[in-house]
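Each reported figure results from applying straightforward, stated rules to the coordinates on display, with no laboratory input. All values reported here derive from a predicted model rather than from experimental measurement. Cβ atoms come from the backbone with ideal geometry, glycine included; neighbour counts cover every protein chain shown.
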C-alpha cells in the first residue's frame, strides 16, 4: 500500500528532553511537510522540504528541527526549546509544492 | 503573506439541511484552493480542489465549492447533509509565492439525525 507512515502514534516527552517523530512515505513524492494541529487553530506549518537535502521554515519553526537526507523520510525533532509541545503532529507529502497533500495518521505528543 | 479565514467554527445542522461553509483568503496572486475533511479518527483527506478553469468545482460525496475571485472566497456547499458528514472541514490555499499550503482554523460540522 502506498502512503505515509507516522510513528509513534502517541509520544510522551519529559521536561528538557528532545523527541523525534518519524515520517516515511513511499509515494515517491518530492515535497514533504510537517504541520501542527491544535484545537480551534487548524493546521500550522512547522517545516517543509521541496527536495532532498533542502528544507524551509514554516510559520512556527521555533523549537523544532528537521532533516531530509532521503526522499522518503522527513523526521521532526521537538527540542526542549519548544515550550508548548503538546499537540497533534501531521506529516504530509505532495508530488510538487502547492499541490494536493497526502496526510499521515498523525502523532499525538504530550508532556509528562 | 497568505492567510485563510474560516468564519464558522462550529455548525450544527439537521439531516437534509443545506450547508455552506465560508472560506476567505488573502493573497494577490494566482492561487490553488482546497477543501479537506477530517472524519472522526481518520486521516485528513481531500474533498475538492480548484486550480483553474470553471470556478464551480465538484468534489466527492456531493460537495461543491465556488471560487469567486473578486471576493477572495471559496465557499463549500452541499444541498442536503447526512449524519455521515459530521467532521471537521479545512480550507487551504497554495500559491507560487509560498510553496506550502496555508490552512484555515477549521469548521466543526455536527449533523444531527
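The table below lists the values:
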{"read-out": "Normalised contact order of chain A, rounded percent, pairs of Cα under 8 Å and 6 or more residues apart", "value": "35"}
{"read-out": "Pairs of Cα atoms farther than 16 Å apart, the stretch A:1-108, %", "value": "54"}
{"read-out": "Gaussian network model of chain B, springs between alpha carbon atoms under 10 Å - residue of B:62, B:41, B:28 with greatest fluctuation", "value": "B:41"}
{"read-out": "Choice from B:75, B:24, B:32 with maximal GNM fluctuation in chain B (Cα, 10 Å cutoff)", "value": "B:32"}
{"read-out": "Part-to-part distance (alpha-carbon centres) for the stretch B:55-113 and the stretch A:46-112, which is given in Å", "value": "24"}
{"read-out": "Computed E for residue B:7/residue B:82 - FRET, C-beta separation, R0 25 angstrom, nearest 0.05", "value": "0.60"}
{"read-out": "Binned Cα-Cα distance frequencies in the protein assembly as shown - 10 Å width, integer %", "value": "8, 33, 35, 19, 4, 0"}
{"read-out": "Estimated inter-spin distance, residue A:18 and residue B:45, nm [label 7 Å along Cα→Cβ]", "value": "3.8"}
{"read-out": "Overall Cα dimensions of chain B - principal axes, largest extent first, Å", "value": "43, 27, 21"}
{"read-out": "Separation in nanometres of the label points that stand 7 Å from Cα toward Cβ, at residue B:68 and residue A:30", "value": "3.6"}
{"read-out": "Residue of A:41, A:17, A:50 that the Gaussian network model of chain A assigns the largest fluctuation, springs spanning Cα pairs under 10 Å", "value": "A:41"}
